[in-house]
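**Q** Here it is, the structure in full.
Read-outs throughout are calculated quantities, based only on the coordinates presented, and are distinct from any laboratory measurement. Remember, it's a predicted structure, so these values are computed and weren't measured experimentally. Cβ placement follows ideal geometry from the backbone for every residue including glycine, while neighbour counts extend to all protein chains displayed.
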Amino acid sequence: MPSSRNRRLAVVGLPSLALGLILAGGWAAHLGMSVRDHLEATRDALLRLRAGDVGTPSAVTTLAAARTHAAEARRLTGGLYWGLLTRLPVVGEGAATARGLAASVADVTDVLARVERATAPLLSASARAPGDLRGVLAALDAMAPVLRDGAVRVEAARSRVAGTPASTGLAALDGARDTVLRETIRLRGMLSQGAEAAALLPPMLGRDGPRRYFLAFETNAESRGTGGLVGAFGVLKADRGRVSVARLSANTGLAASAKPVADLGRQFVSRYGPGAATTLSVSNLSPHFPYAAQTWTGLWRRQTGQDLDGAIATDPVGLSHILGAIGPVRIPGGETVTAGNVVDLTERQAYARYPDPAERKRYLVGIAGAVSEALTGALDRPTRLLPAFARMVSEHRLRVWSRDEDEQRRLAATPLGGVLPERRGPYAGLVVNNSAGTKLDYYLDRSLTYELGPCRPDGQRSSRVRIRLTNDAPRGPLPAYVTARLDDPGRPHAAGSNLLWVSLYASVGAKATAVRLDERPVSFYAETERSHPVISKVLEFAPGQSRTLDVDLVEPYSAAAPVVPAQPLVRPQRTLVTADSRGCSS
């Protein structure tokens, strides 16, 4: 037993020890508040940077401030004292998470600084002549490895945060951890896609020799799987940094072929018929863009004997985004086309203004030509155009296909490729094709609700997709060309009625157990395209009518995020996804 003197010393020492812990805790609290302040300052600066203009002096200053605060947070949490805090009970988990956040955020701001320095030459590149992009291509070549390395570093930062305690007892700290995880995933994706684009664009824009692409302008007023009917087309030429658009024509300028110009497989022919690979008007019924691109370039080769290097497609909404960046253009005749009127002019007014189809097609080709010319003249100013192109890609209004196998493989991994993916995971893709020949899809409203159930004992889940479509055609008179029912011209139809081929692309491995139309069970077509089960129904719509299609599914359970692509039509699709988070037991 200890002596009475030692017992007295121990009793006397207890308050000293408590005082020491209190003092240590106070210093830890002071450090913690300092770290918090620097992390919050970093966050605020990054939010300003995200909302501001890239490459501007103010953005450079904001990024420098973010780096300074992040570096100080890393210094404060990187010392021996903070390391001891991570080993203490109660506060240890919070200290470990704060240290991981500080180090990772500092790494991310360093990456952003490197990217900013690599991007500066691109943003300051100037053309020697209209359409001359040699300076831009050189800047992109230099950017690609920096962006690729940045994506790797951001992933390492994300992994570091993911390895920290998720529940520290401090709601603000836990929320900050979640935010960093989410934002680093977003940033990694942006850097990876940017690296791919920076690597792909120089060769595809003729750095190593001439390139020529089929350029399709789709009309969403008559829906097709990739967006809309091809209303006009041209050839985009790129040669060592010089870009131009030539041979613009209405869709009547590309004749049908007696035989298919592309071998797209038996499933394709079974679903779409042989005409889909012989005729421009039905060449893009599938949502898988490479099918349409191969058909377009095949039709061009059959008619001209010339091989093209790839295909590009956009639509009037995409043109509105471009015009928003470069400003209004004047078309032959002096009319001004703007971001605010180009969609209405091309998809509604043109039909009322020009009863003669040949006149209307010349008008539409004039708009396409004016925008194309203005765009090629503005390509040397990427700062203005990048936000517009980014929006077009996110809305699936810019699609690209390359004949080069390596380029196409890389494109297919990005939204630009317009690929119907064959990978597993929750998937619900609504595709409508106009089967009446009308131009009424300008007025089509769409909504899709995807309800994913919990995992069942057999490793499957029950899900439901509800599709609601409304033919919102106006009650007043419309041009006959807009309302004509080419599918059944011999039978009278209400003006403004429409016929749509409605298809749901479900998850790979899914099976439809029931389909209801307006709450009543109905028969349906069940086919397969690129491993996806496709449930289809042809539906008639009176003017102003809404119809609801419910599809009950059994699909393989997956914890992957649901994918719900939206077909690029005039009006955006409203989408709601709900998922029961109960997973499969081990």
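**Q** Would you mind checking which residues have amide H under 5 Å from residue 508's amide H? H placed 1.01 Å from N; only 5 or more apart, or other chain.
**A** 425
**Q** Something else about it: Within the chain, which is the longest segment containing none of the GluC sites (Glu not before Pro) that sit in a DSSP loop and have at most 13 other Cβ atoms within 10 Å?
**A** Longest run free of exposed loop sites: 1-421.
**Q** What nm distance separates the two modelled labels at residue 61 and residue 156, each placed 7 Å from Cα along Cα→Cβ?
**A** Modelled inter-label distance: 3.3 nm.
**Q** Rounded, prolate or oblate: which fits the chain when a ≥ b ≥ c are the square roots of the eigenvalues of the alpha-carbon gyration tensor, with rounded for a/c under 1.5 and prolate only if a/b beats b/c?
**A** Prolate, since a/c reaches 1.5 and a/b exceeds b/c.
**Q** A further question on this structure: Note the full-extension length gain between residue 149 and residue 538 as 0.36 nm times their separation in residues minus their Cα-Cα distance, in nm to one decimal.
**A** 135.1 nm
**Q** Hey, with R₀ at 22 Å, roughly what FRET efficiency would residue 114 and residue 84 work out to, going by the Cβ-Cβ distance, to 0.05?
**A** Rounded to the nearest 0.05, the efficiency is 0.10.
**Q** Related question: For the residue pair residue 330 and residue 468, what label-to-label distance in nm results when each label sits 7 Å from Cα along the Cα-to-beta-carbon direction?
**A** Taking the simple label geometry, residue 330 and residue 468 are separated by 4.7 nm.
**Q** Now for a different question. Using the Cα gyration tensor of region 404-546, with a ≥ b ≥ c the square roots of its eigenvalues, what is the shape: rounded (a/c below 1.5), prolate (a/b larger than b/c) or oblate (neither)?
**A** Oblate shape, in that a/c is at least 1.5 and b/c is the bigger or equal ratio.
**Q** May I pose another question? Is the shape of region 353-442 best called rounded, prolate or oblate, per the rule: a/c under 1.5 gives rounded, else a/b larger than b/c gives prolate, else oblate, with a ≥ b ≥ c the square roots of the Cα gyration tensor eigenvalues?
**A** Oblate, because a/c is 1.5 or more while a/b does not exceed b/c.
**Q** A follow-up question, please. Just grab the label-to-label distance for residue 488 and residue 307, each label 7 Å out from Cα along the Cβ direction, in nm (one decimal).
**A** So the two model labels end up 4.7 nm from each other.
**Q** Can you work out the FRET efficiency for the pair residue 383 and residue 48, with r the C-beta to C-beta distance and R0 = 22 Å, to the nearest 0.05?
**A** 0.80
**Q** Take 291, 427 and order them by how many other Cβ atoms sit within 10 Å, fewest up front.
**A** Fewest-to-most ranking of 291, 427: 427, 291.
**Q** Would you kindly state how much longer the chain becomes between residue 563 and residue 344 on full extension, computed as 0.36 nm times their sequence separation minus their alpha carbon distance, in nm to one decimal?
**A** This chain segment gains 75.8 nm when fully extended.
**Q** First measure r as the distance between the Cβ atoms of residue 528 and residue 424, then evaluate 1/(1 + (r/R0)^6) with R0 = 22 Å and state the FRET efficiency to the nearest 0.05.
**A** So the FRET efficiency works out to roughly 0.95.
**Q** Which order do 516, 547 fall in if you start with the one that has the fewest other Cβ atoms within 10 Å?
**A** Ranking 516, 547 by Cβ neighbours within 10 Å, fewest first, gives 516, 547.
**Q** With unit charges on the beta carbon (Lys/Arg positive, Asp/Glu negative), name the residue among 201, 433, 501 whose Cα is farthest towards the positive pole of the charge dipole of the chain.
**A** Farthest towards the positive end: 201.
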